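Notes follow once the structure below has been shown.
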Amino acid sequence: MSGEAAAGLRRDAVGLREVLFQSVTAMAPAAAVAASIPAGAAFAGGSLPLAVLIALVACLFTASCVAELARELPAAGSVATYAAQGLHPAVGFLVGWGYVFVEALVPPLLLLQLGFTAAGTLHDEWASYPADLWWPWALAGAAVIAASGYLGVRASARFGTVLGIFEIAVFLVFAGWLIIRAGGHNTLSVFGTSHTADGYGGVSGVFAGSVYTVLAFAGFEAAAPLAEETRDPRRTMRRAVLGAALGIGLFYVVTTYAMTVYFGPGKFASFGAAGEASWQGVARTSFGLFWVLVFLAVVNSTIANANACANVSTRTAFALARIRVLPRVLATLHPRYRSPVAGIAAQTVVAVGAVLGLGFGYDPVTAFLLLATVIVTVVIGVYIVVNLACAGYFLRRGRPSLKPVRHLLLPLLGIVAFVPALLTAAGLPVFDFVTKLTAPVSYAGPVVGVWMAVGAVVLLVLIRRHPERIAETARVHLEDDTPGVVAAQNGAPPR
């Protein structure tokens with residue numbers, strides 16, 4: 001086991017295309033367009049394209065920070081390494097502890113969506129199919145993802161690339177069709193504030209819509225944990241993170257514009273994720289069998305997203321296990337494929353357990369909402385810390401490397417953009433458009449609190465018994481001459 005861990009992940013296994021689609025599929029573009037972004041329509045109404053555009057600009061602030069740190073610190077630990085170098089190794093450990101937890105929950109989240117989407121659609125088409133027979137689809141998806149991960153990053157990343165291209169192509173073709181069918185109803189007024197929903201006039205409605213829309217961008221950083229398996233990682237990681245955030249952001253703008261002008265800006269506040277006033281509903285009622293492609297693209301998106309986030313969770317767990325802040329067994333690699341097989345096995349057990357336990361304990365939709373709230377709350381918190389880490393890292397390196405706009409202003413703007421999203425995801429009614437969470441979705445806060453409290457206890461034990469392990473969270477393993485211990489007080493961190 002020690003020999004396998006020491007050999008490391010497979011170097012130079014993938015290139016820009018594969019890691020770009022690692023981030024793209026982690027953002028789940030088809031699922032986001034069909035299910036996440038419409039949540040903003042209740043506030044922004046027909047001005048939702050403007051809200052999406054604002055959310056894109058806001059997310060690019062943080063994407064720029066992640067890209068800068070990914071270039072400087074190419075490591076499988078990604079956000080944990082960034083926080084360790086930019087702030088303190090103890091912060092890096094806590095970020096990694098939380099990030100591994102929620103990224104391990106993303107596959108079961110998407111498997112639940114796969115299950116209830118497939119079962120519900122089949123029931124609508126053939127009433128004899130039980131609407132509650134969702135779990136075989138979820139288990140089948142879990143098997144596909146486990147097999148993809150087992151075969152190594154090359155197979156997994158290429159699988160994600162194929163899935164990502166399909167879902168994007170389907171929605172772009174559909175969007176083009178909608179724009180053509182809209183004809184004279186095409187208008188740039190949807191990029192203004194005149195079509196917001198009743199009760200949320202003007203800028204306030206657009207702002208509320210953008211806060212809900214910003215949640216659809218989560219995942220743009222997913223390329224970063226593949227740094228140690230990527231060719232020319234310093235250059236490739238930066239391009240992948242920024243490319244995914246910008247490219248999929250523009251995809252969101254185009255598709256949202258297309259549906260808004262086709263459906264009608266004046267009635268778009270009623271648009272949602274299900275029923276006739278939804279992407280699948282419009283495709284079903286107006287475009288014949290094209291709805292099948294939309295349905296397949298959404299199902300495809302759930303599998304692609306789960307596959308990408310399984311890569312993230314297993315690589316981050318591997319990075320923390322090899323420095324022994326997580327159980328060492330998670331650093332075990334397959335002798336041929338160099339995949340973290342123990343991590344993949346643990347990820348599969350967690351996925352199946354969460355899907356069946358929560359899905360049957362509540363119902364698949366409620367279980368989905370509970371997991372989504374846990375995940376988004378922690379991920380947005382991680383984004384805020386990474387923005388701080390970007391400023392801290394370049395301030396500590398000294399003036400020659402510091403670019404005030406890129407390394408100070410953009411991190412600040414990223415924090416400002418994500419704080420409202422964090423409050424919204426957590427259901428804290430600071431703004432009048434935030435919906436207070438009800439049970440069992442409200443259990444998300446205590447779940448996150450308990451997990452992070454356990455992490456704090458583990459941190460204290462490690463600081464007392466093995467402080468060198470916590471310090472190792474700052475290590476960049478790709479560089480043989482990188483010192484293993486970087487404390488916050490020791491000046492500029494190594495590259």
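The values are calculated or read from the model by the stated rules, or taken from the named source; none is laboratory data. Model, not experiment: these values are computed from the prediction. Neighbour counts are summed over all protein chains in view; Cβ atoms, including those assigned to glycine, are modelled from backbone coordinates with ideal geometry. When the accessible area is computed, the model is the full protein with side chains, heavy atoms only, and any ligands, DNA or RNA have been set aside. Shrake-Rupley method; radii C 1.70, N 1.55, O 1.52, S 1.80 Å.
Details
- Relative contact order (percent, whole number), the chain, Cα cutoff 8 Å, 6+ residue spacing: 32 percent
- Inter-part distance, the stretch 187-230 to the stretch 52-122, computed on C-alpha centroids, equals 17 Å.
- Whole-Hz couplings from phi, Karplus 6.51/-1.76/1.60, listed for the stretch 60-65; x for Gly and Pro: 5, 4, 6, 4, 5, 5
- Size descriptors for the stretch 92-233 (Cα atoms only): Rg and Dmax, in that order, 20.4, 56 Å.
- Per the Debye formula on identical point scatterers at the alpha carbon atoms of the stretch 217-345, with no solvent, log10 I(q)/I(0) at q = 0.12, 0.16, 0.17, 0.22 Å⁻¹ is -0.67, -0.91, -0.96, -1.29.
- Accessible area (Å², per residue) of the chain, counting only protein heavy atoms and a probe of 1.4 Å: 37 Å²
- Spin-label proximity, residue 140 to the stretch 270-314 - amide N less than 20 Å from point 7 Å beyond Cα toward beta carbon: 291-308
- Crossing angle, helix 135-150 versus the chain [Cα axis fit, 0-90 degrees, rounded to tens]: 40 degrees
- Reference-scaled alpha-carbon Rg (2.2 N^0.38 Å with N residues) for the stretch 165-260: 1.38
- With Rh defined as the Kirkwood radius, the inverse of the mean 1/r over Cα pairs, the Rg/Rh of the stretch 114-156 is 1.20.
- FRET efficiency for residue 189 and residue 366, using Cβ-Cβ distance with R0 set to 41 Å, rounded to 0.05: 0.60
- The chain - Cys residues lacking any other Cys C-beta under 4.7 Å: 59, 309
- With the convex hull of the Cα atoms taken as the outline of the stretch 1-116, the averaged projected area works out to 10.4 nm².
- Over all distinct Cα-Cα pairs of the stretch 387-443, the Kirkwood formula returns a hydrodynamic radius of 13.3 Å.
- Stokes-Einstein translational diffusion, the stretch 245-292 - Kirkwood Rh over all Cα pairs, 1.306 mPa s, 10 °C, in µm²/s: 138 µm²/s
- For q = 0.07, 0.12 Å⁻¹, Debye-computed log10 I/I(0) when each Cα of the chain counts as one equal scatterer: -0.35, -1.04
- Helical mean residue ellipticity (222 nm; -39500 (n - 2.57) per DSSP H run of 4+; nearest 500) of the chain: -22000 deg cm²/dmol
- Taking only the C-alpha atoms of the stretch 31-179, the Rg (one decimal) and the largest Cα-Cα distance, Dmax (whole number), read 19.5, 58 Å.
- Atom-type composition of the exposed protein surface of the stretch 307-359 places 71 percent of the accessible area on carbon and sulfur (1.4 angstrom probe).
- For the peptides 369-380, 278-289, 67-78, 10-21, the ranking by packing is 67-78, 369-380, 10-21, 278-289, with the highest mean count of neighbouring Cβ atoms within 10 Å listed first.
- Working from label points 7 Å from Cα in the Cα-to-Cβ sense, the residue 234 to residue 461 distance is 3.9 nm.
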